[in-house]
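Undergrad: Sharing a structure with you now.
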Amino acid sequence: MLEGKNIILGITGGIAAYKSAMLLRLLVKAGAQVQVVITPNGKEFITPVTLSALSGRPVISEFFTANSGEWHSHVDLGLWADAMIVAPATASTLAKMATGVADNMLVTTYLSSKCPVFVAPAMDLDMMAHPSTTRNLATLRADGVRIIEAASGELASHLTGKGRMEEPEKIVAVLDAFFDGCGSRRLEGRKVLISAGPTRERIDPVRYIGNFSTGKMGYAIARRAAAEGAEVTLVSGPVGISIDDPAVKVVAVESAREMLAACEDAFADADIAIMAAAVADYAPAECAGRKIKREHCDFDEIKLVKNPDIAATLGSRKRPGQILVGFALETDNAAEHAAEKLVRKHLDMIVVNSLADAGAGFGTDTNKISIQYADGRPDGIFDLKSKDEVAADIIDAITRL
């Protein structure tokens, strides 16, 4: 979907600028026309010669060329572009964008742009977590800027934490999905309910029963549904990720019963419900009011009670025309177990994946699925893909219903 698109690539003064060369290469390879705008500090980390060779265009850094006086119009650039991506986006540049400090070509171009703007933050973990950075990111989100969240890992300081610029391949996938969604808008005017992440069932104030779900699959589906024009309600258990799309309303919950209540509220008006959350099947019958001390514990068992089956509850209330999609994560006999759930829960479609498949399941950036349908059409079987690509396959299948 990037073929023929005009992209401004903003590069700022961070060590992650070395990744920008690969990002530029991938964008050009995808068919985009890319104009690099680099800050003066950015040139300390990667040379304009390298970037010009990769883009096939002169790199812009200053407002005018010193030896010729040629003016570089940030207004014209803003009108030319179909999208602008700042990667890496340092804490300094984020602050300038959020507050309108137009002291370099990159920020003035941002302030003049009429196109969608994406930023991929990159900085050390303490800078990433600082309240000022958090405020600036919140301001940019409110202004409509799309934040491509920083990843966690080893940083230039040799500390480990959140602050790594997202990998170039994933940034390109985000841009591609954005333009793909803009071209179709198949869910325009539809209300979509999505559940995501795990639930936590408290044993006492510091312990809980849960699972390894990270919410990545559900959040990817939410992003895709929003890109297709849907008004999304995302009911999310506790996860370490976020979503920045104004078309997605996030309802944060903790337990299965809280998730059920939130899903019931949203289901009443939903056209489509996608139950991607990994809901705990059981919860402690009682939650201790204080931390249970090992030294004074007088029991060796925890009595459990069944949690409500959220998908089945919604299935029993489904009205004509509503579409209900379930998920089945299995370790064995995946197809058989999913087929039983499809009928018992009154689903229209069920997405099946197995922990027996390498790269599928909890915590990964990829998934391998099959899809079963209640109306008897043949199963859909898919290869291992990124979760963003899997989300696109799931939304495609839903739109065909």
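The values are calculated or read from the model by the stated rules, or taken from the named source; none is laboratory data. A quick note: this is a predicted structure, and the numbers were derived from the prediction, not measured. With ideal geometry, Cβ positions are generated from the backbone for all residues, glycine too; neighbour counts draw on all protein chains shown. In case anyone asks, the SASA skips ligands and DNA or RNA and just uses the protein heavy atoms, side chains included. Shrake-Rupley method; radii C 1.70, N 1.55, O 1.52, S 1.80 Å.
Undergrad: Filter region 16-40 down to the residues that are more than 24 Å from the chain's Cα centre (by Cα) and among the polar types (S, T, N, Q) and list them by number.
TA: Answer for region 16-40, where residues must be more than 24 Å from the chain's Cα centre (by Cα) and among the polar types (S, T, N, Q): Gln33, Gln35, Thr39.
Undergrad: While we're looking at this one, here's another question. Could you check region 144-162 and list, in sequence order, the residues that are in contact (Cβ under 8 Å) with a residue 24 or more places away in the chain and among the charged types (D, E, K, R)?
TA: Arg146, Glu149, Lys162
Undergrad: Answer yes or no as to whether Asp271 is surrounded by fewer than 23 Cβ atoms within 10 Å (Cβ to Cβ), farther than 25 Å from Ser152 by Cβ, out of contact with any His (no Cβ under 8 Å at 6 or more places or on another chain) and touching a residue at least 60 places away in the same chain (Cβ under 8 Å).
TA: yes
Undergrad: Regarding region 323-330, can at least one residue be identified that is touching a residue at least 24 places away in the same chain (Cβ under 8 Å), in a loop (DSSP other than H, G, I, E, B), within 26 Å of Asp375 (Cβ to Cβ) and of a type outside the set (Gly, Ala, Ser)?
TA: no
Undergrad: Within region 228-238, count every residue that is hydroxyl-bearing (Ser, Thr, Tyr) and part of a loop (DSSP other than H, G, I, E, B).
TA: Final tally of qualifying residues: 0.
Undergrad: Please specify each residue of region 299-311 satisfying the condition of being closer than 12 Å to Asp281 by Cβ and out of contact with any strand residue (DSSP E or B) (no Cβ under 9 Å at 6 or more places or on another chain).
TA: Matches in region 299-311: Pro308, Asp309.
Undergrad: Kindly establish whether Gly14 is buried (at least 24 other Cβ atoms within 10 Å of the Cβ) and either modelled with pLDDT under 95 or not in a helix (DSSP H, G or I) (or both). Please lay out each step first, then the result.
TA: Numbers: buried (at least 24 other Cβ atoms within 10 Å of the Cβ): yes; either modelled with pLDDT under 95 or not in a helix (DSSP H, G or I) (or both): yes.
Spelling it out, Gly14 is indeed buried (at least 24 other Cβ atoms within 10 Å of the Cβ) and either modelled with pLDDT under 95 or not in a helix (DSSP H, G or I) (or both).
Undergrad: With respect to Ile241, determine if the residue is in a loop (DSSP other than H, G, I, E, B) and either surrounded by fewer than 21 Cβ atoms within 10 Å (Cβ to Cβ) or out of contact with any Pro (no Cβ under 8 Å at 6 or more places or on another chain) (or both).
TA: So Ile241 passes the test.
Undergrad: In addition: I'd like to verify a number: residues in region 186-218 that are farther than 21 Å from Gly361 by Cβ and β-branched (Val, Ile, Thr), how many? Please lay out each step first, then the result.
TA: Step one: list which residues in region 186-218 are farther than 21 Å from Gly361 by Cβ, which gives 186-193, 202-207.
Keeping just the survivors that are β-branched (Val, Ile, Thr) gives 192, 203, 206.
Number satisfying all stated conditions: 3.
Undergrad: Taking region 343-397 as the region of interest, how many residues are farther than 24 Å from Phe212 by Cα, open to solvent by 20 Å² or more (accessible area, probe 1.4 Å) and not in a strand (DSSP E or B)?
TA: Summing the residues that are farther than 24 Å from Phe212 by Cα, open to solvent by 20 Å² or more (accessible area, probe 1.4 Å) and not in a strand (DSSP E or B) in region 343-397 gives 11.
Undergrad: When the residues of region 148-194 are narrowed to those that are part of a helix (DSSP H, G or I) and β-branched (Val, Ile, Thr), which ends up surrounded by the most Cβ atoms within 10 Å (Cβ to Cβ)?
TA: Ranking the candidates gives Ile171 first.
Undergrad: Within region 292-305, is there a residue that is closer than 23 Å to Ala374 by Cβ, loosely packed, with under 14 Cβ neighbours inside 10 Å, modelled with pLDDT of 90 or more and not hydroxyl-bearing (Ser, Thr, Tyr)?
TA: No - not one qualifying residue is present in region 292-305.
Undergrad: Could you check how many residues of region 204-227 are part of a loop (DSSP other than H, G, I, E, B) and either surrounded by fewer than 24 Cβ atoms within 10 Å (Cβ to Cβ) or of a type in the set (Phe, Trp, Tyr) (or both)?
TA: 6
Undergrad: Based on what the data block shows, is Val253 among the β-branched types (Val, Ile, Thr), in contact with a Gly (Cβ under 7 Å, 6 or more places away or on another chain) and open to solvent by less than 30 Å² (accessible area, probe 1.4 Å)?
TA: yes
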